[in-house]
Amino acid sequence: MSQQVDAVSAATAGGQVRKRLLSLDLLRIFAILLVIFNHTNYRGFFRYLSDDPTTFLYWFNLFFSVACKVAVPLFFMISGALLLKKDESIGKTYKRGIRIVADLVLFSLLFYSVFAWQGGEPLTVMGFLKGIIQKNVWHLWYLYTYLAFLMTVPVLRGFVRGLSAKEGLLLFCLACVFGSVLPFLEFYVGRVNPLAIPTFTFAMILYYPVMGHLLTWKVDLAKVTGKQLGILWAINLLFFALCMYTQYRYIGKNPGSLTETFLTNNRFLNAPLVYLTFLKLFDGRSFGEKADKVLTEVALCTFGVYLIHPLFLTYLPPFLKVWNVFEHGGFLRSEFGIVLTVLCVYLISLAITWVLRRIPVVKKLF
């Protein structure tokens, strides 16, 4: 989410690169919409829990709960594509973390202030420090993980330079086995020693960035056929179905559980496939000079949308009243009302971010 500036600088290197990176801009916009839906909680993301499993709506809502979990991996893949190719010093790479830390502190302060206001309790310095060090504002977990990623970038650069296509395929297969297949086997057969399973953070700071780099710079898209993509999508949809069914079975055994394990199991396959599909569809294409500029400008606002959207989605009463009409007013089913809410929250956050990015000092935060 935070590598939009890198996209602009890379895009100016040549027409072909510029057009290719437009696919990454489209991915950003697609992914941030999924992030906002992911943050709708019971209003959208967990909507399936209130549905009857024997109805179509249960599975309809559950499908989107699985689908939206690809968003964050896509952002880490984009970051990997843009950062791992750069030839820069460790110090310069680590300086990128200064802005992330500044955002983490400032927006943690903003949201903890909102929480204190809503709870009717003052925000203390000690409470804020404990909140930012020992815990985190719920949607800002990404910044902590992104800092961990930045710390490993110098190592990953050396790693990907010597990584062959065959070794990249091996990494992909290992991730799918340990991250997707193994959890299913554990559920249906029995648990495996957790030490044998890569952690969530490991996947975010290594697997997805490396996959983004490989797919963007080392895969010859001309050799990727529609038939090959079709086969991969068929396999992916089978994993989707398995995720949905296993989540249904898990909820049956653990009523009311908010565990997301089986909502995320297919990300190791789904994220690279979605990424590759966007590259294949939009590589070397242009929507026209003016449209491309608008698209790039909209994509540049993605990080700001991520930082501020919960204010409008969840916390500010005037907006919540409007969303309540969308979601429960009767003229739309709640399933479609939440889609309208997500679009409106995105557009409001986009407009505010665009304005803030016109302010020289503030622009550095976004």
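What's the exposure ranking of Ser89, Ser108, going from fewest to most Cβ atoms within 10 Å? Please list the in-between numbers first.
Details: Ser89 9, Ser108 19.
Least to most surrounded, the residues fall as Ser89, Ser108.
List the relative contact order of the stretch 193-296 as a percent without decimals, with contacts defined as Cα pairs under 8 Å and 6+ residues apart.
Result for the stretch 193-296 is 35 percent.
At a threshold of 8 angstrom on Cα-Cα distance, excluding pairs fewer than six apart, so keeping six or more, what relative contact order does the chain reach in percent?
Reported as a whole number, the value is 29 percent.
What ranking, highest mean first, results for peptides 126-132, 176-182, 210-216, 26-32 when packing means the other Cβ atoms within 10 Å averaged over each residue?
Order by mean packing, descending: 210-216, 26-32, 176-182, 126-132.
Below 14 angstrom from the Cβ of Phe45, what's the summed charge of the other residues (Lys, Arg +1; Asp, Glu -1)?
-1
Could you order the peptides 164-170, 295-301, 79-85 from most to least packed, using the average number of other C-beta atoms within 10 Å per residue?
Top to bottom by mean Cβ count within 10 Å: 79-85, 295-301, 164-170.
How would you rank 152-160, 50-58, highest first, on the average number of other Cβ atoms within 10 Å across their residues?
Ranked by mean Cβ neighbours within 10 Å, highest first: 152-160, 50-58.
Report the charge-dipole magnitude of the chain in Debye, nearest 20, computed about the Cα centre from +1 at each Lys and Arg Cβ and -1 at each Asp and Glu Cβ.
780 debye
Rounded to the nearest 500, what is the 222 nm mean residue ellipticity of the chain from helices alone, with -39500 (n - 2.57) per DSSP H run of 4+ residues and division by all residues?
Calculated mean residue ellipticity at 222 nm is -22500 deg cm²/dmol.
In what order do Thr40, Thr341, Thr246 fall by count of nearby beta-carbon atoms within 10 Å, going from fewest to most?
Neighbour counts put them in this order, fewest first: Thr246, Thr40, Thr341.
Check every DSSP H run in the chain and write down those whose alpha carbon atoms cover 30 angstrom or more along the long axis and whose mean Kyte-Doolittle hydropathy is 0.5 or greater. Before the final figure, lay out each step's value.
Numbers: long enough: 15-38 (35 Å, 1.12); 90-119 (43 Å, 0.75); 226-253 (40 Å, 0.59); 334-356 (32 Å, 2.06).
What comes out of the filter, once short or polar helices are dropped, is 15-38, 90-119, 226-253, 334-356.
Students often get this wrong, so check it: of Lys95/Lys363; Lys69/Lys293; Lys69/Lys290; Lys227/Lys280, which have C-alpha atoms separated by over 21 Å?
Correct reply: Lys69/Lys293; Lys69/Lys290.
When a footprinting reagent is the concern and you count Cβ atoms within 10 Å, what order do Thr261, Thr124, Thr302 take, fewest first?
Neighbour counts put them in this order, fewest first: Thr124, Thr261, Thr302.
No lab work stands behind these numbers, since they all come straight from the coordinates. Bear in mind that the values here come from a model prediction, so they are computed numbers and not experimental data. Using ideal geometry, Cβ is built from the backbone for each residue, glycine included, and neighbour counts are taken over all protein chains shown.
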